[in-house]
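Scroll down for the structure; my scribbles are underneath it.
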Amino acid sequence: NSISVKKTCFIFFFKFSLIHFFSNINIMHNSITKSMKQKKLQISGSYIPSEKEEFMCSKQIEYFKKVLTSWRNEIIQGSSSTIDHLKEESSNKPDTTDRASIESERSLELRTRDRERKLLSKINKALKKLEDGSYGYCEETMQPISIKRLVARPIATLSVEAQEMHEKSEKIYKEKEY
């Protein structure tokens, strides 16, 4: 009978953890998206790059440099707060459910920071491209990436068309594996 109770508790905790995990992902995604929109508005003031301007004119370069630098600083600041948070919070709780919940939150936070570490690498790459004059050009076609795409995704390295082709070939390759 005690095995049955333990099993029921485990199932309950597992379901609770999954719900908690996915709600945290959704909350984090929404806050990151909202934060990026606010940052772009703060950075740009009233200026928003336009397709009507000369491609990668000095105003556009300055705009993207500010957006990328601000984004990078925000990620670095978030990493520092994660380290502080992990140092503060103890996982030495007597209740197994509390410990598991803390470990679940830590795992989620560390995975998020790992994704941000990869994003930081892409941001740094984009900043280097801004310096050498190759920012905004598709890596495959060498044609300019649309300004709308760059505003929406400042780390874009492929034009919409090239990205679609890349995704189609990826899908075909995955289908062949099965």
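The values are calculated or read from the model by the stated rules, or taken from the named source; none is laboratory data. Predicted, not measured: the structure shown is a model, and the values here were computed from it. Glycine gets a Cβ as well: all are built from the backbone with ideal geometry, and neighbour counts include every protein chain shown. Side chains are part of the model used for accessible areas, which takes the heavy atoms of the whole protein and leaves out ligands, DNA and RNA. Shrake-Rupley method; radii C 1.70, N 1.55, O 1.52, S 1.80 Å.
At-a-glance table
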quantity	calculated
Residue list for region 125-145, restricted to those being out of contact with any helix residue (DSSP H, G or I) (no Cβ under 7 Å at 6 or more places or on another chain) and on the phi < 0 side of the Ramachandran plot	K125, K128, K129, E131, D132, S134, Y137, E139, Q143, P144, I145
Residue in region 89-99 that is modelled with pLDDT of 80 or more, hydroxyl-bearing (S, T, Y), outside any loop (DSSP other than H, G, I, E, B) and more than 19 Å from I155 (Cβ to Cβ) present	no
Tabulated pairs, region 66-90, first open to solvent by 60 Å² or more (accessible area, probe 1.4 Å), second part of a helix (DSSP H, G or I) and at pLDDT 80 or above, C-beta under 8 angstrom, 6+ apart or interchain	R72/L120; R72/I123; R72/N124; R72/L127; I76/L120; H85/E109
Residues within region 135-159 that are farther than 17 Å from S50 by Cα, at pLDDT 95 or above and among the hydroxyl-bearing types (S, T, Y), tallied	1
